[in-house]
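First comes the structure, then the notes that go with it.
The values are calculated or read from the model by the stated rules, or taken from the named source; none is laboratory data. As the structure is a computational prediction, the values presented were derived from the model and not from experiment. Heads up, the Cβs are rebuilt from the backbone with ideal geometry, glycines too, and the neighbour counts pull from every protein chain shown.
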Amino acid sequence: MMKRRLTVYFLIFIASIILLISAQAEDALTLKSAVSEALRSNPEILSARRAYEAASARIPQAASLKNPTIELEYDKIYADRMLSGDPMKTYAISQEVPFPTKLFLRAKIASKLARMAYENYKTKERDIIAKVKSAYAELFIIYRSIDIQNENRQILEQFSQVAVPRYTLGKSTQADVLKTQVELARAENELIVLEQERVTAQARLDILLNRDPKEEIGLPAPEGAIKFTHSLEDFYVMAKANNPELKAYKYAIERGKAAYDLSLNEFMPDFMVKFKQMVKRDRVDENAWAGMLGVTVPLWFFQKEAFGVKEMRSELEMIKAEYKTKENMVLFDIRDSYARVEASRKLIELYTASFIPQAEQTVAASVRGYETEKTDFLTLLDSQRMLIGFRLEYYDAILELRMSLADLERSAGIDVEF
């Protein structure tokens, strides 16, 4: 009788899980849709995109001349001195013209700053994508952990239904019944903790998708199997070519070179062009005009321009050093994430090929031993506890694998097929 019960509850549990997953599959949030929604709606990404658009709008401004100056001069004093009695009006227009290469270099600097802003925008995208993938995996694993604990509770309830009659018949002690109740209470406690973690993980994913943190997401759709075929060197190559943070530093170096060239060009003069036309008795006198050409002289170059060159040279060397530092950090992140991926993969293989099957066999043997009174109740509970622990650790390893893969993609700077 007891053996039949222990067999039936396994079948009922498996059937209920299959029905639950099937019912939620159609409306389940997929990872692809979550990433797409985050790219469309996440406010951090939108902010970075607007920063790039603002930087792009500065390029034509940097390449433009200053606005010209229009002047009107009314000279009554001059007219009185000439005894003509008619005031003199003078119209003038002037334009500041920087040395030609300066405009080009200023536009180049603005262009590089815009490219830096674009790469910062792409960096934010990669960061949010990695966070979405990690949050998605975490929520999925929490749901799976809840399923495992519910299964554990059902098993313990079945054990309790067996232990109580045996105690009534004097075939077991009251301690067996009490131990079952303790294990049931522990399972309930784990479910309470997991529910709190589920709410937190759901709110985290909601925030990344720019949704209301209270919005229910439900069970995320399961992800496909992982095919990890890339070597560590592959990721090094990807990162050096595609990592947006490294690209931003490369553009920063180019901006620094342009700024250094501009500091050298500050020794060159700027120009002021001015044209004046005199008007008397509201008539334009074709012979009463004047033109002016002014040139700035870097007279204080030893205090201003020379130190400007020194400043830009030092800044350029600083940016180059920062680029090397960032490159080393990116390569370290890849090495660290890759090591975590390899460790997680090995753990998953151990759990699927060894730990979980052996634990299931141990539980089955304990059930048979308890039925024939060759195994005590504590051994049965210990074997069940061990099986549940291995299943939870298995999903923890999957979560660590998913999060490590997300970190690898972020460091590589591109989507990688796994």
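I'm checking my understanding of the structure. Among residues of region 359-392 that are surrounded by fewer than 20 Cβ atoms within 10 Å (Cβ to Cβ) and in contact with a Gly (Cβ under 9 Å, 6 or more places away or on another chain), which one is modelled with the lowest pLDDT?
Top of the filtered list is Thr375.
Which of the residues belonging to region 285-300 are surrounded by 13 or more Cβ atoms within 10 Å (Cβ to Cβ) and either closer than 19 Å to Leu72 by Cα or in contact with a Gly (Cβ under 9 Å, 6 or more places away or on another chain) (or both)?
Ala288, Trp289
Quick one: would you say Ala221 is assigned to a loop (DSSP other than H, G, I, E, B), among the small types (Gly, Ala, Ser) and either surrounded by 14 or more Cβ atoms within 10 Å (Cβ to Cβ) or touching a strand residue (DSSP E or B) at 6+ places or on another chain (Cβ under 9 Å) (or both)?
yes
Go through (1) under 25 Å from the mean Cα position of the chain (by Cα); (2) within 30 Å of Ser160 (Cβ to Cβ) and name the single condition Ile319 misses.
Among (1) under 25 Å from the mean Cα position of the chain (by Cα); (2) within 30 Å of Ser160 (Cβ to Cβ), Ile319 violates only (2).
Taking region 235-276 as the search range and keeping residues that are among the aromatic types (Phe, Trp, Tyr) and over 31 Å from the mean Cα position of the chain (by Cα), which one is nearest to Val330 (Cα to Cα)?
Tyr260
Looking at (1) modelled with pLDDT of 95 or more; (2) buried (at least 17 other Cβ atoms within 10 Å of the Cβ); (3) charged (D, E, K, R), which is the only condition Glu266 fails?
That leaves (1) as the condition not met.
Take region 40-63 and flag every residue that is of a type in the set (A, V, I, L, M, F, W, C), within 29 Å of Pro222 (Cα to Cα) and surrounded by fewer than 16 Cβ atoms within 10 Å (Cβ to Cβ).
Leu46
Being in contact with a helix residue (DSSP H, G or I) (Cβ under 9 Å, 6 or more places away or on another chain), more than 30 Å from Pro213 (Cα to Cα) and assigned to a loop (DSSP other than H, G, I, E, B) is the filter here; which residues of region 39-69 pass it?
Across region 39-69, the qualifying residues are Ala63, Ser64, Leu65.
Within region 154-172, does at least one residue satisfy the condition of being outside any helix (DSSP H, G or I) and touching a Phe, Trp or Tyr at 6+ places or on another chain (Cβ under 7 Å)?
Yes: one or more hits.
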